[in-house]
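See below for the structure under consideration.
Quick note: the coordinates plus some simple rules give every number you see, no bench work behind them. Keep in mind that what you see is a predicted model, and the values were worked out from it rather than measured. With ideal geometry, Cβ positions are generated from the backbone for all residues, glycine too; neighbour counts draw on all protein chains shown.
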Amino acid sequence: MARISSVLFSLCIVACASAAPMHRRQTGDLDCNLARLKVVSDIAATQTLVSQINTTDLATASAVGMAQAGLNSVNSAIQDILTAVFANQTAPADSRVQLEQGLDTANSALLLIKDPSANASVSAARAKLLAAGTAGDQVLSECK
């Protein structure tokens with residue numbers, strides 16, 4: 001959770017920074033930065049929801065582990081992208097691909113959970129995850 005908080009804080013700094021001259025592409029306009037912030041906050045919320053899924057069932061526990069691995073990959077990609085933004089460089093294409101694959105991995109893992117007692121938690125986690133994906137699409141369209 002501390003890592004997500006630091007990423008969230010970093011995105012807020014990027015959104016509000018005006019002291020250091022950076023290219024518009026890197027700092028982005030308000031819509032771009034709001035979309036970035038939404039990705040990070042939705043991922044953080046997804047991680048919280050995934051951690052609350054009842055894992056007493058072995059298949060569910062395995063799927064939750066896969067979802068968490070996907071979300072960890074997303075966080076790693078976000079860190080790489082933030083590093084590039086702060087260095088005034090273009091975000092690495094590999095990191096964008098890694099972020100997308102992490103989202104897909106987490107979603108696929110959540111779809112594997114068939115335990116009826118976890119339905120509400122899984123639905124809530126998937127809703128936040130899909131919202132993060134939608135915000136990611138907005139980042140791609142807004143942050144040019």
Point-to-point label distance, THR134-LYS114, nm (Cα→Cβ direction, 7 Å offset): 3.0 nm
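Return the FRET efficiency for the residue pair ALA59, ALA93: r is the Cβ-Cβ distance, R0 is 35 Å, and the value is rounded to the nearest 0.05.
Working: r = 35 Å, r/R0 = 1.00.
Taking R0 as 35 Å, the efficiency between ALA59 and ALA93 is 0.50.
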Nearest-0.05 FRET efficiency for LYS144 and ALA84, computed from C-beta distance (R0 22 Å): 0.90
